[in-house]
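*Asks:* This is the structure I want to talk about, given as C-alpha cells.
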Ligand SMILES: C[S@@+](CC[C@H](N)C(=O)[O-])C[C@H]1O[C@@H](n2cnc3c(N)ncnc32)[C@H](O)[C@@H]1O
C-alpha cells in the first residue's frame, strides 16, 4: 500500500503540470529540459523512442516534429493511448531487429531511450540491467541514425558508466550528461546525450 509520503512524492509539480497539459507522464519534462538545452528535435525530424510507454515523450516529439516528421516507438508493453502519427512496435529491445524499427524510413535523425529495468532493490543488478538496456539502445542508434543525428539514453550510474560514456564520446561529435530537474534526486538515473553522429 502506498503511503501519504509516496503519493506526495509522485504527485509533485511535474506530475500536476503533465496532467494539466494532457501528457501521459511527468517524464516528459526530462526530455523537454534536454531539448531546451540542446535543440535536438525540429520540424520533420524522424524519431525513434525506445521504451516509449506510456507515451509522453512521443506526445512531446509529435508537437515538435509536426506532420512532416516520423515517429516510431518501441515498448514491450502495448500503449494505452493512441499517439497520432506514431508507429508503435511492441517487443523487447533485446530481441527486435533494426530492420523492424526502420520500416520504410532510410534512417532516424534522433534516437531516444528512456528504458529502465524493473528495479530489484539489488543495486549492482539494477545497474547491470540498466547498462545492458543502454548498450542495446546505443547499438540500435548507431545502426539507425543518419550522419549528424543525435542520441539520448537513460543510464544508471554504476561500474559500466565510464565504458559506455566512452562509446558515446567515440561515435558523436559531443557527449554531455544531463540530470533534468524532473529526474528525482534520489534516483541514480542520468541521461547521456550524444550530439552529431560521426559519419
Ligand atoms: C520510464 S518508462 C518510459 C516513459 C516514457 N519515456 C514516457 O515519457 O512516457 C520505461 C519504459 O521502458 C520499457 N522497457 C523496459 N525494458 C524494456 C525492454 N527490454 N524492451 C522494451 N521496452 C522496455 C518499459 O516497459 C517502460 O514502459
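*Asks:* Would you confirm, using the coordinates I've provided, whether residue 89 is modelled with pLDDT of 95 or more and more than 12 Å from the ligand (Cβ to nearest atom)?
*Replies:* no
*Asks:* OK, next. Taking region 29-60 only, how many residues are within 9 Å of the ligand (Cβ to nearest atom), over 10 Å from the mean Cα position of the chain (by Cα) and in a helix (DSSP H, G or I)?
*Replies:* Counting residues in region 29-60 that are within 9 Å of the ligand (Cβ to nearest atom), over 10 Å from the mean Cα position of the chain (by Cα) and in a helix (DSSP H, G or I) gives 3.
*Asks:* Kindly provide the set of residues from region 98-154 that are without any contact (Cβ under 8 Å) to a residue 12 or more places away in the chain, away from the ligand (no atom under 13 Å from the Cβ) and either surrounded by 23 or more Cβ atoms within 10 Å (Cβ to Cβ) or assigned to a loop (DSSP other than H, G, I, E, B) (or both), ordered by number.
*Replies:* Those that are without any contact (Cβ under 8 Å) to a residue 12 or more places away in the chain, away from the ligand (no atom under 13 Å from the Cβ) and either surrounded by 23 or more Cβ atoms within 10 Å (Cβ to Cβ) or assigned to a loop (DSSP other than H, G, I, E, B) (or both): 104, 120, 121, 122.
The values are calculated or read from the model by the stated rules, or taken from the named source; none is laboratory data. Quantities reported herein were computed from a predicted structural model and do not represent experimental measurements. Don't worry about glycine lacking a Cβ; one is built from the backbone with ideal geometry, like all the others, and counts go over all protein chains shown.
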